[in-house]
1. What figure, in Å² to the nearest 10, do you get for the accessible area of residue 78 with a 1.4 Å probe and non-protein molecules left out?
2. Counting only residues 5 or more places away or on other chains, whose amide H sits under 5 Å from the amide H of residue 73 once H atoms are built in the peptide plane?
3. Using 0.36 nm times the number of residues separating residue 70 and residue 56, minus their current alpha carbon distance, what extension gain do you get?
4. What FRET efficiency, computed as 1/(1 + (r/R0)^6) with R0 = 30 Å and r the Cβ-Cβ distance, is obtained for residue 90 and residue 37, rounded to the nearest 0.05?
5. Can you tell me the length gained on complete extension of the stretch residue 46 to residue 6, counting 0.36 nm per residue apart and subtracting the Cα distance?
Amino acid sequence: MKKEIDCILVVPDFTDKNQKHKFSNMEMLGPEYIAASVEYHGYRVELLNAYSNNITMHEIYDQVISYAPYLLGVTCASQRSYPFVKDFICTIR
């Protein structure tokens, strides 16, 4: 049975197309604090951290699509990772 999720927070892990720059957010406290606060207020939250959970962005995409949350949050820790985050969000839409 599929879990009912109100909100998914994603901490992405991206590498640019030339494999020169790895944009890993590893363990970030910001999304964890947000998840804890949202849960405290009674919502069901799933935190998907690609690095910590050792999952690919394709697996995260599949989970987001299958859960169909009311709210999706994606962290973008640096300006250099923004194009990858933007592409991910556009694909989800």
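The values are calculated or read from the model by the stated rules, or taken from the named source; none is laboratory data. The structure displayed is predicted, hence computed values, not measured ones. Quick reminder, even Gly has a Cβ in these numbers, built from the backbone with ideal geometry, and neighbours come from all protein chains shown. Protein only, heavy atoms only, side chains kept; ligands, DNA and RNA dropped before computing areas. Shrake-Rupley method; radii C 1.70, N 1.55, O 1.52, S 1.80 Å.
1. 50
2. Under 5 Å from the amide H of residue 73 lie the amide H atoms of 8, 9, 10, each far enough along the sequence or on another chain.
3. Values: separation 14, 0.36 × 14 = 5.04 nm, distance 2.23 nm.
The span from residue 70 to residue 56 would gain 2.8 nm if fully extended.
4. 0.65
5. Length gained, residue 46 through residue 6: 13.6 nm.
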